[in-house]
Amino acid sequence: MVEARPADSRTMVAHAQPGLHSWSRRAHWRRLPLVAAVSAVVSTTDIAWKAASIAAGHAAFGLDAPSSLLRPLATLLVGAVALTGVLLLPPLCLPGVSLVVGGVTSNVLSLALWRAVPNPVGIHLAGGILHFNLADMCVWSGGLLFLVATFWTIWRMPAERFA
């Protein structure tokens, strides 16, 4: 779309609006194989751990079945946003966002395999037990790494970028 703005009463200047084409040029598509490899390692390790704990009978108390479609859809949304971050953000953010994509992928695969997410890790905390799995740890630690990388990137920006 081209927008015309009058510079003065006699001339018109055209300014092109950035569109989808400029977004695809800025995207770092060569990062996708690395993210796919991280996601495969996280998913394979997590699914094997969950399957072993189910076979041993330890994860029956830690099955987390979603009560509505909202949680799986929110999980997919987080994964899509993280994947977009992999393509567009600076390289410093890549490790954290890759862990988030790997954790989300593993939890979605768990939902597809067992219609629930097994949580083989349990920690006694405040009179109860907190259940989680490797994919959850990857999502949380990846989010933390992403926040640290974001703050580091903002801190290193020149002051005139904020003016």
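Below are the figures for this structure:
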{"read-out": "Highest average packing first - 102-115, 79-92, Cβ atoms within 10 Å", "value": "102-115, 79-92"}
{"read-out": "Solvent exposure of segment 99-141 as accessible area per residue, Å², 1.4 Å probe", "value": "52 Å²"}
{"read-out": "Virtual spin-label span in nm between L92 and A112, 7 Å along Cα→Cβ", "value": "3.5 nm"}
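The values are calculated or read from the model by the stated rules, or taken from the named source; none is laboratory data. Not measured: the values here are computed from a predicted model. Please note: Cβ atoms are built from the backbone with ideal geometry, for glycine as well, and neighbour counts cover all protein chains shown. Remember, those area values only see protein heavy atoms, side chains included, never the ligands or the DNA or RNA. Shrake-Rupley method; radii C 1.70, N 1.55, O 1.52, S 1.80 Å.
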